[in-house]
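Colleague: Sharing a structure, written as structure tokens. Questions coming.
The values are calculated or read from the model by the stated rules, or taken from the named source; none is laboratory data. Quick caveat, the model's predicted, so the values are computed rather than measured. Cβ atoms come from the backbone with ideal geometry, glycine included; neighbour counts cover every protein chain shown.
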Amino acid sequence: MKPEILLTAPVEPRLQADLEAVYRVHRLWEAADKPAFLAAIGKGVRGVVTRSVIGADEALMAALPGLEIIAVFGVGTDAVDLAAARDRAVRVANTPGVLTEDTADYGIGLLLALARRIVEGDRYVRAGKWPAGLLANSTRVHGKKLGIVGLGRIGSAVARRAQAFGMDIRYNGPRAKPVSAWTHVPDLAALAAQVDFLILTCPGGPQTAGIVNREVLAALGPEGMLVNIARASVIDEKALVTALETGAIKAAALDVFADEPNVPEALLAMDNVIVEPHIASTTVETRMAICDLVLANLAAHFAGRTPPGLVG
């Protein structure tokens with residue numbers, strides 16, 4: 001018999017088809033009464049496939065007494081109750097590595113777009129404003145100071161790209177990276193005070209929740225610019241809105257938001273804010289690689305092997 005898995009939300013059509021070819025797939029998002037649905041199918045489910053922004057909480061695991069593995073479509077596991085998974089001996093596997101380069105490309109793209117007012121310039125021309133005069137000057141990227149919050153895979157990839165622009169690279173994290181040629185600044189507010197641009201690439205979760213707060217934004221200063229390709233939880237969103245409204249910082253480019261897909265109206269109204277629909281890793285190539293690794297994680301587990309993306 002095919003192992004039974006629960007799919008919490010739609011994924012790439014190719015992955016969904018591949019899953020249904022190998023497993024008996026239950027689609028949670030289609031259930032009108034989710035608790036009743038889980039009660040009916042829960043005992044037979046051995047695996048969960050979920051998106052990183054949805055995850056799996058303790059209540060879902062409790063409804064699946066035979067659960068063996070949670071396969072995350074993406075790298076983030078902050079929405080998975082890892083402690084509950086450990087207590088229940090449930091494996092958690094994600095898809096690290098495959099989205100690093102595209103996400104780093106996107107982060108640098110947002111930094112350039114923000115500093116050089118590329119998105120704003122496009123709107124300016126389309127609105128017919130060019131005949132009345134030039135758009136106000138933008139900000140140079142070359143040679144400026146870049147602060148990276150979280151020097152993991154993605155942060156390191158961002159730093160390598162920033163080197164090509166001759167940027168002075170500094171980073172914040174829980175510890176210095178011995179192999180890094182870049183400067184470690186252990187205090188986040190101190191880092192913000194030292195740099196022209198601050199880019200967030202750290203994991204989400206309780207340890208990083210709200211670390212970019214009013215103090216950090218004030219330290220970044222009225223000429224400072226912020227890029228977030230991490231998790232929305234890393235920023236105090238209300239403090240960010242206030243900082244942008246009052247000129248405490250100059251501009252921000254955001255790929256993630258606290259209540260996706262809903263974006264605060266205040267941010268939408270600002271010309272000095274770039275808003276994107278959480279697409280830093282959504283290239284065709286990365287999405288297909290994520291599909292492959294989700295399938296590999298499940299296949300390895302059900303064959304009695306260690307999933308290649310096993311967390312922890």
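Colleague: Starting from the stretch 6-25, take each residue that is within 18 Å of Met288 (Cα to Cα) and in the same structural domain as Ile41 (by TED's automatic domain parsing) and list its partners that are of a type in the set (A, V, I, L, M, F, W, C) and in a loop (DSSP other than H, G, I, E, B), counting only C-beta distances under 6 angstrom and pairs at least six apart or across chains.
Modeller: Sorted first by the residue in the stretch 6-25, then by its partner, the pairs are Ala9/Ile54.
Colleague: For residues in the stretch 23-34 being in a helix (DSSP H, G or I) and among the hydrophobic types (A, V, I, L, M, F, W, C), which is nearest to Pro65 (Cα to Cα)?
Modeller: This residue is Leu28.
Colleague: Something else: Here are the criteria: (1) within 25 Å of Leu99 (Cα to Cα); (2) among the small types (Gly, Ala, Ser); (3) touching a residue at least 12 places away in the same chain (Cβ under 8 Å). Tell me which single one Ala189 does not satisfy.
Modeller: Tallying (1) within 25 Å of Leu99 (Cα to Cα); (2) among the small types (Gly, Ala, Ser); (3) touching a residue at least 12 places away in the same chain (Cβ under 8 Å), Ala189 fails exactly one: (1).
Yes/no matrix, rows are residues, columns are (1) of a type in the set (Lys, Arg); (2) on the phi > 0 side of the Ramachandran plot:
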{"position": "Val53", "(1), (2)": "no, no"}
{"position": "Pro65", "(1), (2)": "no, no"}
{"position": "Tyr106", "(1), (2)": "no, no"}
{"position": "Leu114", "(1), (2)": "no, no"}
{"position": "Arg123", "(1), (2)": "yes, no"}
{"position": "Gly143", "(1), (2)": "no, yes"}
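Colleague: Here is a list: Asp78, Asp57. Which entry is surrounded by 15 or more Cβ atoms within 10 Å (Cβ to Cβ) and closer than 27 Å to Thr201 by Cα?
Modeller: So the residue among Asp78, Asp57 that is surrounded by 15 or more Cβ atoms within 10 Å (Cβ to Cβ) and closer than 27 Å to Thr201 by Cα is Asp78.
Colleague: Right, another one. So in the stretch 147-199, with the set limited to residues that are among the polar types (S, T, N, Q) and over 14 Å from Ala104 (Cα atoms), which one is surrounded by the most Cβ atoms within 10 Å (Cβ to Cβ)?
Modeller: Asn172
Colleague: Now, a different point. Looking at the stretch 39-48, can you tell me whether even one residue there is modelled with pLDDT of 95 or more, touching a Ser or Thr at 6+ places or on another chain (Cβ under 7 Å) and at negative phi?
Modeller: Yes, the stretch 39-48 contains a residue that is modelled with pLDDT of 95 or more, touching a Ser or Thr at 6+ places or on another chain (Cβ under 7 Å) and at negative phi.
For (1) buried (at least 21 other Cβ atoms within 10 Å of the Cβ); (2) modelled with pLDDT of 95 or more; (3) touching a strand residue (DSSP E or B) at 6+ places or on another chain (Cβ under 8 Å), each residue gets a yes or a no:
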| position | (1), (2), (3) |
| --- | --- |
| Ala63 | no, yes, no |
| Gly66 | no, yes, yes |
| Arg88 | no, yes, no |
| Ala93 | yes, yes, yes |
| Gly97 | no, no, no |
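Colleague: Another one. For the structure I just gave you, tell me whether Gly109 is surrounded by fewer than 21 Cβ atoms within 10 Å (Cβ to Cβ), at pLDDT 95 or above and farther than 29 Å from Glu285 by Cα.
Modeller: Answer is no for this residue.
Colleague: Could you count how many residues in the stretch 192-241 are closer than 17 Å to Gly147 by Cα, polar (S, T, N, Q) and under 12 Å from the mean Cα position of the chain (by Cα)?
Modeller: Residues flagged as closer than 17 Å to Gly147 by Cα, polar (S, T, N, Q) and under 12 Å from the mean Cα position of the chain (by Cα) within the stretch 192-241 amount to 2.
Colleague: Restricting attention to the stretch 81-113, report how many residues are hydrophobic (A, V, I, L, M, F, W, C) and in contact (Cβ under 8 Å) with a residue 40 or more places away in the chain.
Modeller: Adding up the residues that qualify gives 10.
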